[in-house]
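The values are calculated or read from the model by the stated rules, or taken from the named source; none is laboratory data. Predicted model only: the values in this text are computed from it and were never measured. No Cβ is skipped: glycine too gets one built from the backbone with ideal geometry, and neighbour counts run over all protein chains shown.
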Amino acid sequence: MHDVLNRLGEIGIVPVVKIEKPSDAAALGRALIAGDLPVVEITFRTAAAEESIRILCREVLEILVGAGTVLTTDQVDRAVAAGARFIVSPGFNPKVVDHCLERGIPVAPGISSASEIEMGLERGLSVLKFFPAGASGGLEFLKAISAPFSGVQFMPTGGIDPGNLRDYLSFNRVHAVGGTWIAREAAIATGSFDEITRLAREAVQMSLGFELAHLGINGSGGNEAMAGAETMARLFSFPVKDGSSSTFAGAGFEFMKSPFLGSRGHIAISTLSIARATSWLSRRGVSVRKETAKEKDGRMIAVYLDIEVSGFAIHLLQK
């Protein structure tokens, strides 16, 4: 997968923006960055698109800028000349797609049928836009149509909002989602950039879905681990489950039979996507301990962070 498309997957949400005045572009970009959403897709639905892309790329260097609603090869060339790093089209126009591929430009054409997915596979594409997602049958349709095509990831767009965002991002075939609700045309026109920042930050947190999974407590042996679990069972009726390296009391307490990472134990945090979570945390200066990573079916399902909080290591778990 192209690095730019891979980056879209790490971010998880792509604000799809119609902008009328290029003079608003820089403020829009800064609002999204403040909301921890360093990506934007500027649609070629207005005459301001090309210049807005140029201004964003020049004045807001931290943001990844793409062009959307690209219908012609001329628009591809203009968008790329302005600085766009990726192209998104509403449908599968072979001329547009082939032009992008010939120039080495990352492209995600729109699909809503199996035949269009096969057209993408024939060209070696691994990320396709699913559009219009809501009107085409939503998540259930996407699950059904994607089943035969294991090598393809999708970017649903159209009908995505805070009410269904987590449902889409919980599906492992969804690479990222595109949405217009974060930076609506009216909000940009009225200068409501603080509101755009708030909605961006809210969307990012929803996409990560952080929740406490369990608390791991270091011990010095199997007897101590079992004793701790049995005490929790006696006090709170939590079921005890003994394992090779630890004993659980319910789902929330893990008593380790020997110390592992963390001087006192570990805190397990579940997330909708470890890839998105580790990318988000890296922007806060937190890295992972790669030697602790566990994978299943080619997907990371667990990893420890290179940090302790009050003597507890932090363990990320895939939901």
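Given THR231, THR278, which one is outside any strand (DSSP E or B), surrounded by fewer than 16 Cβ atoms within 10 Å (Cβ to Cβ) and among the β-branched types (Val, Ile, Thr)?
Of the residues listed, the single one that is outside any strand (DSSP E or B), surrounded by fewer than 16 Cβ atoms within 10 Å (Cβ to Cβ) and among the β-branched types (Val, Ile, Thr) is THR231.
Loosely packed, with under 14 Cβ neighbours inside 10 Å and part of a loop (DSSP other than H, G, I, E, B), is that true of ARG284? Steps first, please.
Working: loosely packed, with under 14 Cβ neighbours inside 10 Å: yes; part of a loop (DSSP other than H, G, I, E, B): yes.
When the stated conditions are applied, ARG284 passes them.
Which of the strands (runs of 3 or more DSSP E) contained wholly in the range 1-98 include at least 2 residues that are more than 21 Å from LEU199 (Cβ to Cβ)?
Result: 86-88.
So which of ALA31, ALA27 ends up being surrounded by fewer than 24 Cβ atoms within 10 Å (Cβ to Cβ) and modelled with pLDDT of 95 or more?
Numbers: ALA31 fails: surrounded by fewer than 24 Cβ atoms within 10 Å (Cβ to Cβ).
It is ALA27.
Considering only the range 77-91, state which residues are more than 15 Å from LEU125 (Cβ to Cβ) and without any contact (Cβ under 8 Å) to a residue 60 or more places away in the chain.
ASP77, ARG78, ALA79, VAL80, ALA81, ALA82, GLY83, ALA84, PRO90
Answer yes if at least one residue in the range 161-175 is touching a Phe, Trp or Tyr at 6+ places or on another chain (Cβ under 6 Å), of a type in the set (Asp, Glu) and in the same structural domain as ALA27 (by TED's automatic domain parsing), and no otherwise.
Yes, the range 161-175 contains a residue that is touching a Phe, Trp or Tyr at 6+ places or on another chain (Cβ under 6 Å), of a type in the set (Asp, Glu) and in the same structural domain as ALA27 (by TED's automatic domain parsing).
For (1) farther than 30 Å from GLY151 by Cβ; (2) surrounded by fewer than 23 Cβ atoms within 10 Å (Cβ to Cβ); (3) hydrophobic (A, V, I, L, M, F, W, C); (4) out of contact with any Gly (no Cβ under 7 Å at 6 or more places or on another chain), each residue gets a yes or a no:
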site	(1), (2), (3), (4)
LEU56	yes, no, yes, no
VAL65	no, no, yes, no
LEU71	no, yes, yes, yes
PRO106	no, yes, no, yes
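Evaluate the following for ALA133: is it touching a strand residue (DSSP E or B) at 6+ places or on another chain (Cβ under 6 Å) and closer than 18 Å to PHE171 by Cα?
Against the criterion (touching a strand residue (DSSP E or B) at 6+ places or on another chain (Cβ under 6 Å) and closer than 18 Å to PHE171 by Cα), ALA133 qualifies.
Are any residues in the range 34-54 polar (S, T, N, Q) and crowded, with 19+ Cβ neighbours inside 10 Å, and if so, which ones?
THR43, SER52
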